[in-house]
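The values are calculated or read from the model by the stated rules, or taken from the named source; none is laboratory data. Keep in mind the model is a prediction, meaning the values are calculated, not measured. So basically every Cβ, Gly included, is an ideal-geometry build from the backbone, and we count neighbours across all protein chains shown.
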Amino acid sequence: MTWTPFAPLRETLRALQRGEVSSEDVTRAYLERIDALEPQIHAFLSLYPEQAIAQARQADARRARARRHPDEPVPPLLGLPIAVKDVLAVEGMTLTCGSRILEGFVPPYTATSVRRLLDAGVVIVGKTNTDEFAMGSSTENSAYGPTHNPWDLTRVPGGSSGGSAAAVAARMVPAALGTDTGGSVRQPASFTGVSGLKPTYGRISRYGLVAYGSSLDVVGVLAPQVADLWPLFIHMAGFDPKDATSRDAPLPPEPNWEAEPDLRGLRIGLPKEYFVPGMQAEVADAVRAAVQHLANLGADVREISLPHTEYAVPVYYIIAPSEASANLARYDGIRYGPREPASRMWDVYYRTRGRRFGPEVKRRIMLGTYALSAGYYDAYYAQAQKVRTLIKQDFERAFETVDVIAAPVAPTTAFRLGEKVNDPLAMYLEDIFTLPANLAGVPGLAFPVGFDHQGLPIGMQLMGPALAEDLLFRVAHAYQQTTDWHTRIPPVAQGQPA
Amino acid sequence: MLTREEVLHIARLARLELTEAEIEQYREQLSAVLEYFARLAQVDTSGIPPTASVLPPRSVLRPDEPRPGLTREQLLANAAETEDGQFKVPPVLE
């Protein structure tokens, strides 16, 4: 058997399909790596090894049966182990959202995104760590302790999908689901040297995704290579009657992964507002070099302007907390999870919420409550919604002259654990380059384009018009066909069982 | 700068119990954040419609037909306290 857990996802799928390796062997191999690396990385909030092996055995039995009965359909992802960010409901598995207010909560149903992947045959090994209710850019806001960046254990993996990113970077799973409200897939992908997709808003059902900022939340996916994101993305995508905001649009065609990398005729825009004083020079240099690489493959690169970019931080940090303050009103100590005891009803609310929500969640609930409160609504919430329109129009105008936009994912590489926890504004400003895509609802695809002098990964993102994910995949894949950043594995993960 | 009373007012609206240390911390942090947000006022938005959703508007109404849902047992399974198939809460009125 030549298969190893370092194999890219699509190779693993082929090996499973050809019977070169069993799902049980694949699943056990990843579980062994999780055992070895989890104490240092803390990527998971819950693990289900026995359940995963049982699921894997069922997958193997189903494949064996299909071999005897060739007319029996075989689910396309049969036996593939993955991890799921702990903000998505999976029936029978705890769903904490990284919060003590949902300690021990077990959802009675499964998110549509996860349901579709289970129907396609995946095996779920566990739920990954996240900033509490996906509010954060470092995974330090998890009530269950931070995740460590596999490239440097003293640094953050980014967030909020930091557990998924770290697990993928350390090859503890071949791919993991994340969510992206303001960059929560792309920024951790960038910080950990993996690829991450934030689909078009509405492309994947939000049913069973715990709501944070409902007009911004999307389910995404992380894997080392962009081509390996595709099978999970495409099986989750599509209209869901259970989500009134899911889009009823045709699925994009699968790119030809074997085609020669040729970007002739493609117009790439480089927004000048994404190269600003104060950002790490190595990040700007690596992104410019990557764009030059795309030009060498035939693309026509031109500078563009997205003039309202500087307002993305205040717009996002008014709209998302406002939506959050309403969405999180449901955690009242009555219907979901534990209650702080009190003799009067009002005190149950105050105590349960005050003691079980963490500092950042309380901060955002208060920020949103303030922005929506009488006397401040017009100055904050209404004005933010109008500037959101201007940000959206920036993109619409840009896509009249270019096909895709290339930009850095974050102004810096991974920062140190603890460095920004006491300065929320500094943490918010870290999101400047990822927020606009969420506000405009357009897809973004992040992938590694180099390392800084400390050996920390640098990411670039491509953004495209709504529903144009396949174009982003084609361009990023051409880059990865001709570079090898995405094949680098953190030293801590190299010597482990493989 | 937010006042202590304003912080308490917001916390009350949001049903959040805060410690003394939290009141002071949020007063400082939220003030700094709101001060940064003041730049939004510089943007001329006259005649610009608000964006509540990026989706093209469409009707999501459907016929009001009953469908299977979660059972009472499933819905109550995560409750802190139940009695006779109901959520149980402490007295609301005294």
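In the set A:THR369, A:THR389, A:THR352, A:THR401, which member is polar (S, T, N, Q), surrounded by 23 or more Cβ atoms within 10 Å (Cβ to Cβ) and under 28 Å from B:PRO56 (Cα atoms)?
Details: A:THR389 fails: surrounded by 23 or more Cβ atoms within 10 Å (Cβ to Cβ); A:THR352 fails: under 28 Å from B:PRO56 (Cα atoms); A:THR401 fails: surrounded by 23 or more Cβ atoms within 10 Å (Cβ to Cβ).
Result of the check over A:THR369, A:THR389, A:THR352, A:THR401: A:THR369.
Scan the range A:301-309 and tell me whether some residue there is among the hydrophobic types (A, V, I, L, M, F, W, C) and closer than 30 Å to A:GLU260 by Cα. Step through it out loud before you land on a result.
Here is the first cut: in the range A:301-309, the ones among the hydrophobic types (A, V, I, L, M, F, W, C) are A:301, A:304, A:306.
Checking the rest, the ones that are also closer than 30 Å to A:GLU260 by Cα come to A:301, A:304.
Yes, the range A:301-309 has at least one match.
Consider A:LEU102 carefully, then state whether it is of a type in the set (A, V, I, L, M, F, W, C), farther than 20 Å from A:ILE204 by Cβ and in contact with a helix residue (DSSP H, G or I) (Cβ under 8 Å, 6 or more places away or on another chain). So that I can check it myself, show each step before the final result.
Working: of a type in the set (A, V, I, L, M, F, W, C): yes; farther than 20 Å from A:ILE204 by Cβ: yes; in contact with a helix residue (DSSP H, G or I) (Cβ under 8 Å, 6 or more places away or on another chain): no.
No, not satisfied.
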A careful count of residues in the range A:10-23 that are buried (at least 16 other Cβ atoms within 10 Å of the Cβ) and either touching a residue at least 40 places away in the same chain (Cβ under 8 Å) or part of a loop (DSSP other than H, G, I, E, B) (or both) gives 7
Checked A:VAL315, A:VAL287, A:VAL283, A:VAL276 against criteria (among the β-branched types (Val, Ile, Thr), surrounded by fewer than 18 Cβ atoms within 10 Å (Cβ to Cβ) and touching a residue at least 24 places away in the same chain (Cβ under 8 Å)); the one match is A:VAL276
(1) β-branched (Val, Ile, Thr); (2) without any contact (Cβ under 8 Å) to a residue 60 or more places away in the chain; (3) crowded, with 21+ Cβ neighbours inside 10 Å; (4) out of contact with any Asp or Glu (no Cβ under 7 Å at 6 or more places or on another chain) all hold for A:THR96 apart from (4)
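Can you tell me which of A:TYR212, A:TYR207 is buried (at least 24 other Cβ atoms within 10 Å of the Cβ) and of a type outside the set (S, T, N, Q)? Spell out the reasoning first.
Numbers: A:TYR207 fails: buried (at least 24 other Cβ atoms within 10 Å of the Cβ).
So the residue among A:TYR212, A:TYR207 that is buried (at least 24 other Cβ atoms within 10 Å of the Cβ) and of a type outside the set (S, T, N, Q) is A:TYR212.
Could we say that B:LEU40 is surrounded by fewer than 17 Cβ atoms within 10 Å (Cβ to Cβ), at negative phi, modelled with pLDDT of 95 or more and facing chain A (nearest Cβ under 10 Å) here? Before the answer, list the steps.
On the way: surrounded by fewer than 17 Cβ atoms within 10 Å (Cβ to Cβ): no; at negative phi: yes; modelled with pLDDT of 95 or more: yes; facing chain A (nearest Cβ under 10 Å): yes.
In short, no.
Inside the range A:324-340, can you point out the residues that are out of contact with any Asp or Glu (no Cβ under 9 Å at 6 or more places or on another chain) and either touching a residue at least 60 places away in the same chain (Cβ under 8 Å) or within 11 Å of chain B (Cβ to nearest Cβ) (or both)? Working first, answer last.
Filtering the range A:324-340 down to residues out of contact with any Asp or Glu (no Cβ under 9 Å at 6 or more places or on another chain) leaves A:324-332, A:335-336.
Across the range A:324-340, the qualifying residues are A:ALA324, A:SER325, A:ALA326, A:ASN327, A:LEU328, A:ALA329, A:TYR331, A:ASP332, A:ARG335, A:TYR336.
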B:ALA32 in a helix (DSSP H, G or I), aliphatic (A, V, I, L, M) and more than 8 Å from every other protein chain (Cβ to nearest Cβ): no
- Query: of a type outside the set (Phe, Trp, Tyr), in contact with a strand residue (DSSP E or B) (Cβ under 7 Å, 6 or more places away or on another chain), surrounded by 22 or more Cβ atoms within 10 Å (Cβ to Cβ) and at pLDDT 95 or above, is that true of A:LEU88?
  - Reply: yes
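Just the residues that are more than 22 Å from A:ASP25 (Cβ to Cβ) and buried (at least 16 other Cβ atoms within 10 Å of the Cβ), please, taken from the range A:64-85. Before you say what the answer is, go through the steps one by one.
First pass over the range A:64-85, keeping only residues more than 22 Å from A:ASP25 (Cβ to Cβ): A:69-73, A:85.
Across the range A:64-85, the qualifying residue is only A:LYS85.
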Expected single match for over 21 Å from A:TYR428 (Cα atoms) and within 8 Å of chain A (Cβ to nearest Cβ) among B:ALA21, B:ALA14 is B:ALA14
Does B:GLY47 qualify as being more than 8 Å from every other protein chain (Cβ to nearest Cβ) and in contact with a helix residue (DSSP H, G or I) (Cβ under 8 Å, 6 or more places away or on another chain)?
no
_Condition met for B:GLY69 (under 24 Å from A:ASP332 (Cα atoms), exposed (fewer than 10 other Cβ atoms within 10 Å of the Cβ) and of a type in the set (Gly, Ala, Ser))_ = yes
Exception for A:ALA54 within (1) loosely packed, with under 15 Cβ neighbours inside 10 Å; (2) modelled with pLDDT under 95 falls at (2)
A careful count of residues in the range A:292-312 that are closer than 20 Å to A:THR412 by Cα and surrounded by 20 or more Cβ atoms within 10 Å (Cβ to Cβ) gives 3
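If I go through the range A:32-45 residue by residue, how many of them are outside any helix (DSSP H, G or I) and either more than 22 Å from the chain's Cα centre (by Cα) or surrounded by fewer than 16 Cβ atoms within 10 Å (Cβ to Cβ) (or both)? So that I can check it myself, show each step before the final result.
From the range A:32-45, those outside any helix (DSSP H, G or I) are A:42-45; that's our starting set.
Narrowing further to those that are either more than 22 Å from the chain's Cα centre (by Cα) or surrounded by fewer than 16 Cβ atoms within 10 Å (Cβ to Cβ) (or both): none.
Total meeting the criteria: 0.
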If we ask which residues in the range B:82-94 are part of a loop (DSSP other than H, G, I, E, B), surrounded by 11 or more Cβ atoms within 10 Å (Cβ to Cβ) and at the interface with chain A (Cβ under 7 Å from one of its Cβ atoms), their number turns out to be 2
